[in-house]
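Let me begin by presenting the structure, written as structure tokens, before commenting on it.
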Amino acid sequence: MRAENSTRSATPSTLSKSVDAWFTPGRFAALLALLIFIFFPDVILGTRTFVFRDYGLYGYPVAFYHRESFWRGEVPLWNPLNDCGVPFLAQWNTIVLYPGSLFYLLLPLSWSLGVFCLVHVFLAGLGMYFLARRWTGNRLAASVAGLTFAFNGFTLSCLIWPHCMASLGWMPFVVLMAESAWQKGGRFVVAAAVIGALQMLAGPPEFILSTWLVVGSLWLGHCAFGKLPLWGSLKRLVIVVLLITGLAASLLLPFLELLKHSQRGAGYGTGEWSMPPTGWANLLVPLFYCFKTRAGPYVQHDQYMVSSYYLGVGVLALALFAVSQLREWRVWLLGAIAALSLILALGNAGYLFGWLRRILPLLGFMRFPVKFVMLTAFTVPLLAACGARKLLFPTGEDQARSWRFLALLWLTMTSLVFLILWFARDYPERAEAWADTARNGLERVAFLSLIVGVLYCLSRAREARKQVVLGIGLLALLWLDVVTHAPPQNPTVPRSVYEPGLQPVQQLKPRPTLGESRAALSLGAVWQFHSTMLSDPFKTYLGDRLGLFSNCNLLELLPKVDGFYSLYVEEEFEARTLLYLSADAFIPEHRTDDYLSREYRQVSTNNFATNLADFLGVCQMTAPGKLFDWEARPTYMPLLTAGQRAVFVDTNASADVLLEPAFKPRELVYLPREAKPFITANNQTEARIVHPQFSAHRVTLEIEAEQPSMVVAAQTFYPCWTGYVDGQPTLLWRANHAFQALQVPAGQHKVQLVYQDRNFLAGITISWITLLGCLAGLVRQRSRNENLAKARLFADSGTD
């Protein structure tokens, strides 16, 4: 009885330490893993898998091609099955060099790729826990941050992109270790470099740049307000950046080469797919001005990239409380980053994005301003942790004032929810279901009220056990708020949806074959696949596979004219656009996608460019008015031809000639004017190609001709390809605007086209040297620490 009375009369600070001690890293990790399993049991157990949108159309096919290359013993530098050949490793978001990809390379892909994404959800939450614990010194507050970073609308949206999820998983660790590096130096510099390189090898540039925007801002804040030595910390930070660059050089150098030759430039990006002007309201009412897709998930009108960026109404309340009540520079900095990212996410509607694009043209390489909400998703959980620490673990301030402000904040947010619901009812957009929006908003009010109530009870509780239970209850409410804010964002289907060898497309006659021919979708089919979604995601994806839409052809290992990637070789992209310039479907003016450049959006005729299709080896094309039926094209040419007469044209006019009636690829090949002094095959010749062999990185053939002749390959021209005749390097020319050609002497010769990525080889060398340097630095640091320890021990013994 005396012990019980002692517990009840214990001071709040003592109990705070008691409950805080319970939320250890191990217990938080177990709780986070349990919640991930509860939300995705079928994916973890292997009965079902993800398929929705880009996961099935991009993430899984790319991983499948990577896996096939891995088991053939190849590094997939080039993909010959899409876009008439396209750099693969250099795309960056194919995560070929990311060490974590070994998980799905070695295990059954239809199970392991989904689990790969969920492992990085766990990693994201755990990293945020450690970062918030350092900043707040409080484990319960850190648990709030870790849980809400792992479970929020944006993170769950990223599950359809394995590369984004991997990068997001490492983001808090990069910030955590970068801070340690500039403060402590030594082995922390190496640790920060290794973790930064892992993120660099995993994720897209936008995620990496956003991470280092946070790191750079925090470093400046530490120098300005935290009394951090400027030059010493800057030196350490620069060393970290240089080491990361060196470790990731094997990917960085090929990426920069591809970017230089890609379709993206300073004027490429637009304000398309921005957060709508009313988008901030979705932080309180997640279904406001959204519509339900047939597959179940909700999306915003005119913004389909991120299915949700809802962070949790309780988390938002704690974050706003922290910004308003805490006088800490780090809190103000995080609040400023969150506000800035929400404004930039509005795109042109927020004005700031357009202004920045004018003064920073490099922003034009990026698309879809809604991606800026990533910074909000990162900073708000940290702010919530700071708010929870102040509320639950007082340090002598006026707690009554804090609770009065929180009550006022609850009243304000509740009023805003009702205002949004009123607006949705009186000003509906595109006949959305107001009843669903109203129920959604009222549920958020209920969760906000429960979370505030649990926080209050937790602050008043005196028994350690009761505080632990309430702490777990707080985390459970925060989790339930997010996982119930909308229908599941990532519907799952049976793993059989990915079984290879789909008979209808494998039995096409003639069958598209690597090095011989390709399939091509009609523009009408592309449009229909983009805009059609069935209520059953399984059937939707089977339809995509039957129509070889997007990258689904990779699952069948069938070559296709087009594909779905971030970067394309510019001239090939233009040539492919010309193929669809005469199309069998009308594309509305507001439609923008990678299959049409803006100036060609209004073209509508009944025929496609048949001569160009013949040259590209299109043996099968979507039948007119169909999606899954194919029509054979007997006029297609083999991908390797010889004997054409060389015609020289200006570079800026080489694309236009592909649509002229005079373009006869069996008789002519168009070369740049600078090739004229080197070419003697000015007449059409009799030439015969024998024994052609075609693989991803090498094309081999033998040619017999009585006169010097041209050999033409309907494969994308790219600087990494080198021509050889009888083992001797030969000039390889850009032919027919975007493809390859070389001249061979008269007689019988062996011709080779070899993909040799010298940037990759140089990058690999730099990466290994940097890695060895890091290991040497660690050994030296350890030896130095041991010598210092011995010296101290000797000094202590001498004193004794």
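Net charge in the neighbourhood of SER654 (other residues with Cβ under 9 Å of its Cβ; Lys, Arg +1, Asp, Glu -1) is -2. Note on surface exposure: LYS390, LYS626, LYS227, LYS560 rank LYS227, LYS626, LYS390, LYS560 by accessible area, highest first, 1.4 Å probe.
Name the shape class, rounded, prolate or oblate, that the alpha-carbon gyration tensor gives for region 119-189, where a ≥ b ≥ c are the square roots of its eigenvalues, rounded holds for a/c under 1.5, and otherwise prolate holds if a/b is larger than b/c and oblate otherwise. Because a/c hits 1.5 or more and a/b fails to exceed b/c, region 119-189 counts as oblate. So, with +1 on the Cβ of K and R and -1 on the Cβ of D and E, and no other charges, what is the size of the charge dipole of region 280-438 about its Cα centre, to the nearest 20 debye? Its charge dipole is roughly 360 debye. Accessible surface comparison of HIS66, HIS697, HIS691, probe 1.4 Å, protein chains only, largest first: the order is HIS691, HIS697, HIS66.
Since only TRP231, LEU253, VAL119 are under comparison, the one whose Cα sits farthest along the positive direction of the charge dipole of the chain, derived from C-beta charges on Lys, Arg, Asp and Glu, is TRP231.
Axis of helix 434-460 versus longest Cα principal axis of the chain: the two differ by about 40°, to the nearest ten degrees. Modelled label positions at SER217 and GLU706, each set 7 Å beyond Cα in the direction of Cβ, lie 7.4 nm from each other.
With a cut-off of 13 Å between beta carbons, the residues surrounding LEU775 carry a summed charge of +3, where Lys and Arg count +1 and Asp and Glu -1. For region 502-519, 3J(HN,Hα) computed residue by residue from phi via the Karplus equation (6.51, -1.76, 1.60; θ = phi - 60°) reads 5, 4, x, 8, 6, 9, 4, 10, x, 8, x, 9, 4, x, 10, 7, 9, 9 Hz, glycine and proline entered as x. For the chain, take the longest principal axis of its alpha carbons; what is the angle in degrees between that and the long axis of helix 758-799, to the nearest 10 within 0 to 90? Helix 758-799 sits roughly 30 degrees off the main axis of the chain.
Over the C-alpha atoms of the chain, the Rg to Rh ratio, Rh being the Kirkwood estimate, stands at 1.02.
The angle between the Cα long axis of helix 187-202 and the longest principal axis of the Cα atoms of the chain comes to about 50 degrees, rounded to the nearest 10. Sorting 245-254, 348-357 by their mean Cβ neighbour count within 10 Å, with the most densely packed peptide first, gives 245-254, 348-357.
A straight Cα-to-Cα reach below 29 Å connects LYS539 with the lysines LYS292, LYS509, LYS560, LYS626, residues fewer than 8 places away in its own chain not being considered. Only lysines eight or more places from LYS676 in sequence, or on another chain, were considered; those with a Cα closer than 30 Å are LYS260, LYS664, LYS750. The residue list LEU474, SER531, LEU521 was ranked by how far each Cα lies along the charge dipole of region 451-537 toward its positive end, using unit charges on Cβ atoms, and LEU474 comes out on top. Accessible surface comparison of THR513, THR47, probe 1.4 Å, protein chains only, largest first: the order is THR47, THR513.
Only Lys, Arg, Asp and Glu carry charge here, each on its Cβ (+1 for the first two, -1 for the last two); on that basis the chain has a dipole of about 3120 debye about its Cα centre.
Mind giving me the FRET efficiency for THR722 and ALA675? R0 is 22 Å, r the Cβ-Cβ distance, nearest 0.05 is fine. According to the calculation, E is roughly 0.85. In the chain, taking the dipole from charged Cβ atoms about the Cα centre, the farthest positive-side position among THR49, SER695, ALA741 is held by THR49. Sorting the segments 77-87, 716-726 by their residues' average number of neighbouring beta-carbon atoms within 10 angstrom, most packed first, yields 77-87, 716-726. Note on ALA435 and GLN506: the extension gain reaches 20.8 nm, defined as 0.36 nm multiplied by sequence separation minus the Cα-Cα distance. For the pair HIS530 and ILE472, a Förster radius of 45 Å applied to the C-beta separation gives a FRET efficiency near 0.50, rounded to the nearest 0.05.
For LYS390, a cut-off of 28 angstrom between C-alpha atoms picks up these lysines, skipping any fewer than 8 places away in its own chain: LYS17, LYS184, LYS227, LYS466. Pairs of Cα atoms nearer than 8 Å and 6+ residues apart set the relative contact order; for the chain it is 15 percent. Here's how it looks for VAL285: its modeled amide H is under 5 Å from none belonging to a residue 5 or more places away or on a different chain.
Computed about the Cα centre, the dipole magnitude for region 49-170 is approximately 500 debye when only Lys and Arg (+1) and Asp and Glu (-1) carry charge, each at its Cβ. Ellipticity at 222 nm from helices only: DSSP H runs of n ≥ 4 in the chain, each -39500 (n - 2.57), divided by the residue count, give -16500 deg cm²/dmol.
The values are calculated or read from the model by the stated rules, or taken from the named source; none is laboratory data. Keep in mind that this is a model prediction, so the values were computed, not measured. Glycine gets a Cβ as well: all are built from the backbone with ideal geometry, and neighbour counts include every protein chain shown. Areas reflect the complete protein model, heavy atoms only, side chains present, ligands, DNA and RNA absent. Shrake-Rupley method; radii C 1.70, N 1.55, O 1.52, S 1.80 Å.
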